[in-house]
Amino acid sequence: MKIVQLYLPEAGNEMMEQYVSTLDKQMKRWTDFSTVGTATELRERLDGADILHCHGCWNATTARALLAAQKRGIRTVLSPHSQLEPWIIRKNYAQHKLPQILLWQRKAVKQAYAVVSAGKLETSGLREIGWNKRIEVVRNSIVTSTTTDERMAQEILLIYRKILDSDPLARMSDDGRRLTQTLLKAGIAGDARWITDDVPQADEETWRQILIFAHHENLDDIVMRGIDLLNIESPKVDAKHISCYLPERYSQPLALSKAINYEATEEAYLLSAVRWMHKEGITLRPLVDLARELRRQEYDEAVLTEKLEDRHLSAFFARLLQLMSEWTGLEEGFMPTTPIDDSRTESMRQTLENHLRI
């Protein structure tokens, strides 16, 4: 991982400067870590960075750096160093703090993947203002003997890892996405012969992303089946016990078998699946399950099409077909109607893309 740390020396905070220096010294032992002190240096170092870690608040340069990094897809961490405590915010509130809050400070804090607090008092203040609930407590070795420089840095390194393990689809390479889709297709088809293209290669980090993604989308069983069928050697990743940030309202998607009841006919079962997804909203697991049902079910296409038309679900189903072709490689021969790719399909596509986004 590549981490860039930003601290502006003009802030004139000796204790913060010592903290930043300590972190820089420790982190360089384990990862690609650099510290910059100007906007110019930051622009030179930010290319290829995974995380930007900023120190201090109430500085336009720092806030702009956070927001610019976030816009580029670089994940951010903020260490306020007690500068977001409510009593500090109230000081010169109307003249200085309020304009900064409205212009950039609240947004920069809110969009950070994590805010690092040094203890209970600072955490209490951060919770009181409520700008970001992803608060991580790491004791400051500069001010307390209850930790060491090394332990402090190790705990922050774990936060970096947690951030990079969150929303893995957003960080995944094109090859990683193609491999994920190949594994899903093999897993639901149940036969490696359906995979006619070369299977993309993946490094250990990409495999980690794929398996974390599969776990949180409730696709472990299908992905693992695809791995077995394609006889791929993948690293052991215990995704269930990997810590990451999830959306506040996240719940693991249900498999279709858990979401809908058994129906007497195959057409009725497929209709129930489409109706349930239309009502509850789409997630990847039921979409993949529906693709599997279309592959293996013996059903009357004309009857299913008529039932969908009667319930005004034909267009919705056609959009699902487009997404199934993208995510599972569902071929036209298994589609009872022509897929639709329009603005509504794009909205559904983004719903799937953003399911794990915080």
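The values are calculated or read from the model by the stated rules, or taken from the named source; none is laboratory data. In this text the structure is predicted, and so the values were computed from the model without any measurement. Note that we place each Cβ from the backbone using ideal geometry, even for glycine, and neighbour counts take in every protein chain shown.
Do we have Thr283 as closer than 24 Å to Tyr250 by Cα and polar (S, T, N, Q) here?
Spelling it out, Thr283 is indeed closer than 24 Å to Tyr250 by Cα and polar (S, T, N, Q).
With the condition being in contact (Cβ under 8 Å) with a residue 12 or more places away in the chain and surrounded by fewer than 20 Cβ atoms within 10 Å (Cβ to Cβ), I'd like the helices (runs of 4 or more DSSP H) fully within segment 1-90 carrying at least 3 qualifying residues. Quick ask: steps written out before the conclusion?
On the way: elements: 14-27, 39-45, 60-71, 86-90.
Hits in segment 1-90: 14-27, 60-71.
Condition first: β-branched (Val, Ile, Thr) and not in a loop (DSSP other than H, G, I, E, B). Can you find one or more residues in segment 91-106 that meet it? Looking through segment 91-106, at least one residue is β-branched (Val, Ile, Thr) and not in a loop (DSSP other than H, G, I, E, B).
Going by the structure shown, is Arg357 modelled with pLDDT under 95 and either out of contact with any Cys (no Cβ under 9 Å at 6 or more places or on another chain) or crowded, with 18+ Cβ neighbours inside 10 Å (or both)? Taking the combined requirement at face value, the residue satisfies it. If you filter segment 193-215 down to residues that are polar (S, T, N, Q) and in contact (Cβ under 8 Å) with a residue 24 or more places away in the chain, you find that the one that is surrounded by the most Cβ atoms within 10 Å (Cβ to Cβ) is Gln209. Does segment 234-251 include one or more residues that are in a helix (DSSP H, G or I) and closer than 20 Å to Ser325 by Cα? No, there is no match, as no residue in segment 234-251 is in a helix (DSSP H, G or I) and closer than 20 Å to Ser325 by Cα. The set of residues in segment 232-285 being among the acidic types (Asp, Glu), out of contact with any Leu (no Cβ under 6 Å at 6 or more places or on another chain) and more than 24 Å from Ala114 (Cα to Cα) consists of Glu233, Glu263, Glu266, Glu280.
On the given criteria, is Trp131 modelled with pLDDT of 95 or more and either part of a loop (DSSP other than H, G, I, E, B) or buried (at least 17 other Cβ atoms within 10 Å of the Cβ) (or both)? Here the answer is yes, as Trp131 does meet what is asked. For first residues located in segment 136-150 and closer than 14 Å to Leu121 by Cα, partners that are loosely packed, with under 14 Cβ neighbours inside 10 Å and lie 6+ apart or on another chain with Cβ distances below 6 Å form the pairs Arg139/Thr146. Only one entry of Asp174, Asp220 meets the criterion of being outside the structural domain of Arg285 (by TED's automatic domain parsing) and exposed (fewer than 14 other Cβ atoms within 10 Å of the Cβ), and that entry is Asp174. Among the residues of segment 277-286, those identified as without any contact (Cβ under 8 Å) to a residue 60 or more places away in the chain and either within 19 Å of Pro336 (Cα to Cα) or surrounded by 18 or more Cβ atoms within 10 Å (Cβ to Cβ) (or both) are Met277, His278, Pro286.
Matching residues to (1) among the basic types (Lys, Arg); (2) more than 30 Å from Arg295 (Cβ to Cβ):
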| position | (1), (2) |
| --- | --- |
| Arg151 | yes, yes |
| Glu155 | no, yes |
| Pro168 | no, no |
| Trp194 | no, no |
| Glu204 | no, yes |
| Asp221 | no, no |
| Met224 | no, no |
| Ile242 | no, yes |
